[in-house]
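> Sending over a structure as structure tokens; questions will come in a sec.
The values are calculated or read from the model by the stated rules, or taken from the named source; none is laboratory data. All values reported here derive from a predicted model rather than from experimental measurement. Heads up, the Cβs are rebuilt from the backbone with ideal geometry, glycines too, and the neighbour counts pull from every protein chain shown. Just so you know, the surface numbers come from the protein's heavy atoms only, side chains and all, with ligands and any DNA or RNA stripped out. Shrake-Rupley method; radii C 1.70, N 1.55, O 1.52, S 1.80 Å.
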Protein chains: 2
Amino acid sequence: MNNQGLYKSKFDNCPLTFALNFIGGKWRLPIIWVLSKNGTMRYNELKRSIDGITNMMLTQSLKELELNGIINRKQFMEVPPRVKYSLTDNGEELIPALKALANWGKNMKSIAE
Amino acid sequence: MNNQGLYKSKFDNCPLTFALNFIGGKWRLPIIWVLSKNGTMRYNELKRSIDGITNMMLTQSLKELELNGIINRKQFMEVPPRVKYSLTDNGEELIPALKALANWGKNMKSIAE
DNA sequence: TTTCTTAGGCAGAAAATACTGCATACTTGT
DNA sequence: ACAAGTATGCAGTATTTTCTGCCTAAGAAA
């Protein structure tokens, strides 16, 4: 997603669409979710934990999340490279919403079965 | 979004991505949000309340939300047509998550200013 | 010695999603 | 008499988003 955002109205005062401009896209919420469950994670741990994601999309989504102040990226100056990703305080504040969504999803799953 | 869903893995047990398959896409959450604020709404009320949405997208998203049991559609047999949309019980259960997301968005807005 | 892991990366292609422009038939409003 | 409102709709187009296939250099594991 470019930095123009999904919802483009300048006069849009809606806080929900404002939020969705930061966390929309296919992979951002799953990344935040997995980090909320596991604390600090490395690149390939994230890749293995998120079913279906590609290198390119993981890299791009991590960059966007870091730029938006939702995750921290800490690189240790080592070879081979060792990088750790974790949620910022701001990112942590998304957890209640994600838990509520996941709970709802669980309900939907039991309805569908 | 087709009925195959955004996240395709059969073996995906993640309740969050399961939920996102129902409420993903650009316009579904804003529709649910506006209905949660206003109770029952008509088609053009929804259209006027959601900045940037087109007829086609409103129609399609309403159909999908109805199919997924998230909103109710009640048609009065009148001319011109009068249709009212509202959240189902299941749809109402999304409200806490949306409120938490909107609250987070509000925080992001005050950070960005 | 060979294979695997680490954390990425690109440009163009593919896939997914949203939109356009005009349309409907009847009542209500101006 | 004319315009506006009502709740939609399509097929092709446009836009947005994601993906592919192969690649890197050095250490660790087999």
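> When the solvent-accessible surface of protein heavy atoms is calculated with a 1.4 angstrom probe, in what order do A:Arg42, B:Arg28 fall, highest first?
Listed by decreasing accessible area, they come as A:Arg42, B:Arg28.
> Say a label goes 7 Å from Cα toward Cβ at A:Val83 in every copy; what distances in nm does this one have to the rest, shortest first?
The answer, with the shortest distance listed first, is 4.7 nm.
> Please tell me which of these pairs span more than 22 angstrom C-alpha to C-alpha: A:Lys106/B:Lys99; A:Lys37/A:Lys109; B:Lys47/B:Lys109; A:Lys109/B:Lys74?
From A:Lys106/B:Lys99; A:Lys37/A:Lys109; B:Lys47/B:Lys109; A:Lys109/B:Lys74, over 22 Å: B:Lys47/B:Lys109; A:Lys109/B:Lys74.
> Which residue in chain A puts its Cβ closest to the axis that rotates chain A onto chain B, and at what distance in whole Å?
Axis relating chain A to chain B; nearest Cβ residue and distance: A:Ala97, 3.
> As I understand it, the dipole of region A:16-112 uses +1 on the Cβ of Lys and Arg and -1 on the Cβ of Asp and Glu, about the Cα centre. Which of A:Leu87, A:Leu67, A:Gly52 lies farthest toward its positive end?
Looking along the dipole axis, the top candidate is A:Gly52.
> Still on this structure: Decide, for chain B, between rounded, prolate and oblate: order the square roots of the alpha carbon gyration tensor eigenvalues as a ≥ b ≥ c, take rounded if a/c falls under 1.5, and otherwise choose prolate if a/b is larger than b/c, else oblate.
In terms of gyration-tensor shape, oblate.
> Which whole number in µm²/s is D for the protein assembly as shown by Stokes-Einstein, with the Kirkwood Rh taken over Cα pairs at 37 °C and 0.692 mPa s?
The Stokes-Einstein estimate is 176 µm²/s.
> Run the 1.4 Å probe and let me know the accessible area of A:Thr17, rounded to the nearest 10 Å².
Near enough 10 Å² of accessible area.
> In nm, one decimal, shortest first: how far is the label point of A:Asn55 (7 Å from Cα along Cα to beta carbon) from the matching points in the other copies?
Spacings between copies for this position, smallest first, are 4.8 nm.
> Starting from the Cα gyration tensor of region A:6-65, take the square roots of the eigenvalues, sort them a ≥ b ≥ c, and report rounded, prolate or oblate (rounded when a/c is under 1.5, otherwise prolate if a/b is larger than b/c, else oblate).
prolate
> For B:Gly5, which sequence-distant residues (separation of 5 or more, or a different chain) have an amide H within less than 5 Å of its own amide H, given hydrogens modelled in the peptide plane?
Here the answer is none, since no amide H 5 or more places off falls under 5 Å of that of B:Gly5.
> When the dipole is taken about the Cα centre of the protein assembly as shown, and only Lys, Arg (+1) and Asp, Glu (-1) are charged at their Cβ, what size is it in debye, to the nearest 20?
Dipole magnitude for the protein assembly as shown comes out near 280 debye.
> Dipole magnitude of chain B about its Cα centre, charges +1 at Lys/Arg Cβ and -1 at Asp/Glu Cβ only, in debye to the nearest 20?
Rounded to the nearest 20 debye, it is 220 debye.
> Could I ask something else about it? When Cβ neighbours within 10 Å are restricted to other protein chains, what is their mean count per residue of peptide B:20-28?
For this peptide, the per-residue mean of nearby foreign Cβ atoms is 3.
> Label position 7 Å from Cα toward Cβ: report the copy-to-copy distances for A:Asn72 in nm, one decimal, ordered from shortest.
The answer, with the shortest distance listed first, is 4.8 nm.
> Net charge near A:Glu66, counting Lys/Arg +1 and Asp/Glu -1 over other residues with Cβ under 13 Å of its Cβ?
With Lys, Arg at +1 and Asp, Glu at -1, the net is +4.
> For region A:82-97, in order, what is each residue's ³J(HN,Hα) by Karplus, 6.51 cos²θ - 1.76 cosθ + 1.60 with θ = phi - 60°, in whole Hz (x at glycine and Pro)?
Along region A:82-97, the couplings run 10, 10, 10, 10, 8, 6, 6, 4, 4, x, 4, 6, 7, 4, x, 5 Hz.
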